[in-house]
Amino acid sequence: MNINRFFILIFFASLIFSSCKKEVEGCTDTLADNYDAEASVSKPEDCTYQKRFTGDYTCTFGCKGSLAGVFQSADMNVSELAVKSEVNMIIQSTIGPIPVKGTIISKDSVKIDAVLDNLEVVPEIFFPGTGSTPIKATAVIKSTLAISSDNKVLSGPIKMSMSNKEPVVISGIPIPAGTLKLDDTCDFNRN
């Protein structure tokens, strides 16, 4: 009789311990790079979305102001970085490649907040009569770009400002560094 009670106790104990499902931490979002089908518990920081943004984008830059001549259309290449919450972005433009780093702020958007010192530009592109000798400029680029649900379209407004870091001569008149400033907000959209 004691043996039967012992086996019944063992049986119920094994049911209790085997029926408790262990929580598995990991990313439960199927759109994430590191989706874990076995995960049952997920925190926002568990998921990475770098691969959603990587690729080549051919788009129009709808600049309405001082940068309209520089950015009419542009190609952008987005590639992975070692830090999974960041991407490398190269914007091809009339003045050459513009490298910026993007920070992934959600599975659907990437933020650009970059200051580019010593960017070489040809002042003639912006100001006729300034010559074709490249000068150094400082550019500030800020944006939050959204990715489409199919990961094919990256779009949003890009705010840019640029100023000369070196003196430039316009029609024989020397212009000091920091005097020529260009500001524009451009719509980055798919062609």
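The values are calculated or read from the model by the stated rules, or taken from the named source; none is laboratory data. Quick caveat, the model's predicted, so the values are computed rather than measured. Quick reminder, even Gly has a Cβ in these numbers, built from the backbone with ideal geometry, and neighbours come from all protein chains shown.
Scoring Lys22 on the criteria (1) assigned to a loop (DSSP other than H, G, I, E, B); (2) modelled with pLDDT under 80; (3) of a type outside the set (S, T, N, Q); (4) within 20 Å of the chain's Cα centre (by Cα) leaves a single failure, condition (4).
If the condition is being more than 15 Å from the chain's Cα centre (by Cα) and in a loop (DSSP other than H, G, I, E, B), then the range 42-57 contributes Ser42, Lys43, Cys47.
Among the conditions (1) touching a Gly at 6+ places or on another chain (Cβ under 9 Å); (2) among the hydrophobic types (A, V, I, L, M, F, W, C); (3) outside the structural domain of Lys22 (by TED's automatic domain parsing), Ala39 misses just one, which is (3).
Can Val169 be described as surrounded by 13 or more Cβ atoms within 10 Å (Cβ to Cβ) and farther than 21 Å from Ser66 by Cβ? Spelling it out, it is not the case that Val169 is surrounded by 13 or more Cβ atoms within 10 Å (Cβ to Cβ) and farther than 21 Å from Ser66 by Cβ.
The combined condition, being modelled with pLDDT under 85 and touching a Cys at 6+ places or on another chain (Cβ under 6 Å), is not fulfilled by Asp29.
Every listed requirement among (1) over 23 Å from the mean Cα position of the chain (by Cα); (2) modelled with pLDDT of 85 or more is met by Cys63 save one, (1). Pairs are defined by a Cβ separation below 6 Å, a sequence spacing of at least 6 or placement on different chains, a first member in the range 60-77 that is farther than 11 Å from Ile91 by Cα and assigned by TED's automatic domain parsing to the domain that holds Ser93, and a second member that is assigned to a strand (DSSP E or B) and charged (D, E, K, R); the pairs so defined are Gly62/Asp187; Cys63/Asp184; Gly65/Asp184; Ser66/Asp184; Leu67/Asp184. The set of residues in the range 58-72 being in a loop (DSSP other than H, G, I, E, B) and not charged (D, E, K, R) consists of Gly65, Ser66, Leu67, Ala68, Gly69, Val70, Phe71, Gln72. Comparison of Phe53, Phe17 shows that the only residue that is modelled with pLDDT under 85 and aromatic (Phe, Trp, Tyr) is Phe17. Picking from residues in the range 115-147 that are among the polar types (S, T, N, Q) and over 9 Å from Asn164 (Cβ atoms), the one that is surrounded by the most Cβ atoms within 10 Å (Cβ to Cβ) is Ser143. Just name the residue that is nearest to Lys152 (Cα to Cα) out of those in the range 32-41 that are more than 20 Å from the chain's Cα centre (by Cα), in a loop (DSSP other than H, G, I, E, B) and not aliphatic (A, V, I, L, M). Top of the filtered list is Asp36. Scanning the range 111-168 for residues that are farther than 20 Å from Asn77 by Cβ and hydrophobic (A, V, I, L, M, F, W, C) gives Val115, Val121, Val122, Ile125, Phe126, Phe127, Ile135, Ala137, Val140, Met162, Val168.
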